[in-house]
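What follows is a short report on a single structure.
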Amino acid sequence: MVSPRAVAAEVLVVGGGMAGTIAALAAREAGARVVLVRRAPGATALSSGAVGVAPDPFALPGEPLRAARGPLEAARRLARLRPDHPYAVLGDRLEALPDALAFATRALAPLLAPPLERPRFLATSFGTAVPAALCQRSQAAGDLLAVGGALVVAGLAGHLGLDAALVAASLERYRARGGPPTFAVEVDAGLGELGLLRPHELARRLEQPGAAEALGAAIRAALPAGAGAVLVAPVLGLRPEAQVPERVAGAAGIAVAELLADVPSMPGVRLQAALEAALAAAGVEVVQGAIQGATGPGAPIAAGATEITAARWVLATGRFVGGGIARRGTLREPALGLPVQAAEGREAGVDLAARPAASLTGAARVGPQPLLSAGLRVDARLRPLDARGRPAAEGLHAAGAVVGGHEHASDGTGLGVAILTGYLAGRAAARPGGGE
Amino acid sequence: MDYDVIILGGGVNGTGTARDCAMRGLRVLLLEKADFGVGASGNSSGMIHGGIRYMLSDRHVTALACRDSGYIQRIAPHLLFRIPFLMPFTSRAEGATLRDRAAWYATEVYVGTYDLFQPLKHGKPSTRLSAEELYRLEPGLRPGLRGAVTLDEWGIDAFRLCALNALSARAHGAELRTWTAGREILAEGGRVRGVRFRDALTGEEGEARAPVVFNATGAWSPALARRSGAAVPMRPGKGVHLTLDRRYSNYGVILSAVDGRQMFVMPHEDESIVGTTDDDYYGDPDDVEATNDEVEYLVEGAASLLPGVRNARITRAWCGLRTTIYAYGPNEDALSREHQLHDGAAFGRAGLLSLVGGKLASYRAQSQEVTDRILALLGRAPVPCRTHEEPLPGGDEVPDPAALARAHPVAAPIAARLVYRHGGRAREILRLLEEDPRLGLVLCRDEGILAAEVVHCVRHEQVRRLQDLRRRCRLAVGACAGLDCARVAAQLAGRELGWSPEQVRAELADLLDAGWRERRPILDGAQLVQEELVRGAHAAAGAPW
């Protein structure tokens, strides 16, 4: 029997996705000694890799893309309309959003493109464009408002995954709103049989020596006159250090951007890798393992062969994919047994745990689903609340998707909430009482 | 007149009758308000069983079903698979009471009697298993069982059975219109003269004329008849099934629900199915969903003998409406499973036939009977029925999946799924890969769906909407809920059918809606995790910006 290694820290962060990482980095920057424990890569790895903060609920259909409000104003509007959303629960602290976004951009510096005053409008493989407050450098050139000239959607010859013609035809509809003219081309990168490869396999293929350059050259050969930027499937490498997007763009001689994709999305995988690199660079100790026997801040907990003691915790364990909230007949929060009582829509605020699934869902798929927005209820300082509405434990904060009241995976606010709540929770945990 | 007969309803009776009528030389129009099999047929238990349940009450339903089960094996050998069932001997108390023993003996006699029918459907005779043998075969059963008897049944993909009948009818000259509702049955001078219809996708309205109209719209037929001045008495019963993500038993297991009703857990393709409820339904047949109490009822019943089902991942809860013959008084279970053919002459609608009741397993015989009646109504000379001899499309051969996998760039398990769904036509589908190797992409690893299969179904199997592919090739019905396959399939179908980008997204949304309705009451554990992923992956498809 190996005796566990004992580690003491001021702040323990549970969860290694966007919220947990930003919390750890923010606490570290505030001078705290931080340990982050994670069970697996966060659900952030399954995201599109771009950061949506808030779709503006008052935006008019068909209004010029240029009229879009910046992320803070859009989040304020959303908070007014959705009282259960974390943006509303945070109250005045929502105003920290620009600081939080700037902090995240700095922390993930080589990967993320500098933010603009307005959202970028990034194309998806469905042919829609979605607003993103932050995005990766490999995605930024696809911003519909930034393309100087025509936007060319390049499909890979020999692969069905992306229907370039469909995406281009669909994006053409944004022209009336200030988007660029779009064309589709098919490029044959001479990479051999691609037809049966899945996205991650394509990404790995493109990391091989010469492959990215071959794709770039094929794009260059296929470019129509007047092209301003090229959109490709989001398969430009798995590891940020392989620099596939840069190599492709270099060989193509034109700005190349990745579309936002469904799951699995390689930019999401690269975002997760960048989070891990940032933790290492900041000197946050990362412990791999599921936590066991947690009773709350102050008491030691075991994670793998390590025993960690910290007076203040940030719970950033995610929602269902992350495992921060689970349902086995009843909804529960597995790490500490906190009550699951926050949701959005008609069931908000009631005790959700024991209600049957159909009672927590609406018949219309789109629209708020209390079950899928279920999570912890927190106060404006991100302290989880017990069933009577009081802070559940001294020194405990929550961040990211484990906080309920929003559908983090699908309402366009997930990573924005993760960054803002991670930033606030990390700072609050590092400086108890200090300014909070 | 435009047609000899207009058939309303694309369930197994509508498509089966369309096939028979077309094969006997009649000019046929079939109108289906949605897609083939969407009602009771496709949402049945998916069994070509001999109807042992009906042996006591409707013995000739059993005989009819068994004989026809044999015929269906002949005409669609690829689509059927054997499901041996166990009927365990249970007792509530410690040690068997005399009453228990009497019940077991009765079960043996019962199944032994069923053995007399088994040769009709190429079933194996029943056997008596000791407790030891029973647990060796089915270790997941709860302890304390005294043995079992076995009986042999057949499973089928009921959606494909409907589609294959429809396609065969089309090949014999019938005209098929899906997503086209018969709005009203038109009559004149005491006789029907046709149907007014509306195409739900194009909005086109029209009238088709025929001297005979066959109303096979199942649970929808009372309302249709009422609108047209006739009456069809029926007691629709809602039946709910659950799909579990894998096989939770090696054999079908027959067991008792909390109220003593008989129910079952059975392996079906790669999954298990738990069924079924049977409750009178007075609601809107277009808006029928499983409820949490029905789900819990089924889980409790299944777990009474297979406790592992309590921890199972339920992937769907689906339901249909049985069109049981009307009777006032009996419980749902005790209603006859026979079928009745109502003649509209009494309502001044001579030439209108409406079918009530009947079973999936007997669809072919029912269709034959209806076709005979139609010929008589038309005053035609009898023509012999051949639907039990001529194979359904793809049923002429069952290729060896391993050989297909050697000859084409597909894995053997994928080839096996292809053969199961398409029989001899699997060869045609794999030939698509020679022209376009990209079509070898496996869209869904759960269900083994090739891009080529999607393209084939869209081109040749009367697909008008993306959700039709749920029924042709199980698109987005597996545990993955469409995570991998939905978008690419929408693109492929859109390309084949000339959809605009907006239509592609609308069809994708419609496909996901259909899955959501079936998962809403069962979201739990890993399936809830999957739901979060699927919603996240498709959020941008519905982006309003």
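So is B:GLN530 in contact with a Leu (Cβ under 8 Å, 6 or more places away or on another chain), facing chain A (nearest Cβ under 7 Å), over 22 Å from B:ASN43 (Cα atoms) and not charged (D, E, K, R) or not? It is false that B:GLN530 is in contact with a Leu (Cβ under 8 Å, 6 or more places away or on another chain), facing chain A (nearest Cβ under 7 Å), over 22 Å from B:ASN43 (Cα atoms) and not charged (D, E, K, R). Only one residue in A:ALA305, A:ALA343, A:ALA335 is more than 9 Å from chain B (Cβ to nearest Cβ), touching a residue at least 60 places away in the same chain (Cβ under 8 Å) and under 26 Å from B:GLU294 (Cβ atoms), so which one is that? After ruling out the rest, the residue left standing is A:ALA343.
The rows are residues; the columns are (1) away from chain B (no Cβ under 14 Å); (2) in contact (Cβ under 8 Å) with a residue 24 or more places away in the chain; (3) β-branched (Val, Ile, Thr).
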{"residue": "A:ARG247", "(1), (2), (3)": "yes, yes, no"}
{"residue": "A:PRO267", "(1), (2), (3)": "no, yes, no"}
{"residue": "A:GLN288", "(1), (2), (3)": "yes, yes, no"}
{"residue": "A:GLY293", "(1), (2), (3)": "yes, no, no"}
{"residue": "A:ALA299", "(1), (2), (3)": "yes, no, no"}
{"residue": "A:THR317", "(1), (2), (3)": "no, yes, yes"}
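Looking across region B:533-545, the residues that are within 7 Å of chain A (Cβ to nearest Cβ) and aliphatic (A, V, I, L, M) come down to B:LEU533, B:ALA537, B:ALA539, B:ALA540, B:ALA541, B:ALA543.
Checking A:VAL53 against (1) farther than 20 Å from A:LEU260 by Cβ; (2) of a type outside the set (Ser, Thr, Tyr); (3) under 16 Å from the mean Cα position of the chain (by Cα): exactly one of these is not met. Which one? Unmet for A:VAL53, out of (1) farther than 20 Å from A:LEU260 by Cβ; (2) of a type outside the set (Ser, Thr, Tyr); (3) under 16 Å from the mean Cα position of the chain (by Cα): (1).
Screening region B:411-526 for helices (runs of 4 or more DSSP H) wholly inside it with 1 or more residues that are farther than 22 Å from B:THR15 by Cβ and either more than 13 Å from chain A (Cβ to nearest Cβ) or at pLDDT 95 or above (or both) returns the ranges B:412-422, B:426-435, B:451-460, B:485-497, B:501-519.
Taking strands (runs of 3 or more DSSP E) that fall entirely within region B:271-358, which contain at least 3 residues that are among the polar types (S, T, N, Q)?
B:314-324
Scanning region B:209-221 finds no residues that are under 24 Å from B:ARG142 (Cβ atoms) and either of a type in the set (A, V, I, L, M, F, W, C) or assigned to a loop (DSSP other than H, G, I, E, B) (or both).
State yes or no: is B:ARG310 crowded, with 21+ Cβ neighbours inside 10 Å and within 14 Å of chain A (Cβ to nearest Cβ)?
Details: crowded, with 21+ Cβ neighbours inside 10 Å: no; within 14 Å of chain A (Cβ to nearest Cβ): yes.
Here the answer is no, as B:ARG310 does not meet what is asked.
In region A:142-160, what residues are outside any strand (DSSP E or B) and more than 14 Å from every other protein chain (Cβ to nearest Cβ)?
Just the residues of region A:142-160 that are outside any strand (DSSP E or B), to begin with: A:142-149, A:157-160.
Once the filter is applied, which keeps residues that are outside any strand (DSSP E or B) and more than 14 Å from every other protein chain (Cβ to nearest Cβ), region A:142-160 yields A:ALA146, A:VAL147, A:GLY148, A:GLY149.
For region A:177-189, a residue qualifies if it is surrounded by fewer than 23 Cβ atoms within 10 Å (Cβ to Cβ) and within 13 Å of another protein chain (Cβ to nearest Cβ), and the qualifying residues are A:ARG177, A:GLY178, A:GLY179, A:ALA184, A:GLU186, A:ASP188. With respect to the conditions (1) closer than 30 Å to B:CYS444 by Cα; (2) at pLDDT below 95, A:GLN292 lacks only one, and its number is (1).
I need the full set of residues from region A:390-401 which are in contact with a helix residue (DSSP H, G or I) (Cβ under 8 Å, 6 or more places away or on another chain) and not in a loop (DSSP other than H, G, I, E, B), in order please. Explain how you work it out, then say what you get.
Initial filter on region A:390-401 (in contact with a helix residue (DSSP H, G or I) (Cβ under 8 Å, 6 or more places away or on another chain)): A:395, A:397-401.
Within region A:390-401, A:HIS397, A:ALA398, A:GLY400, A:ALA401 qualify.
The values are calculated or read from the model by the stated rules, or taken from the named source; none is laboratory data. Please read all numbers here as calculations on a predicted model, not as lab measurements. Here the Cβ is made from the backbone with ideal geometry for all residues, glycine too, and neighbour counts use every protein chain on show.
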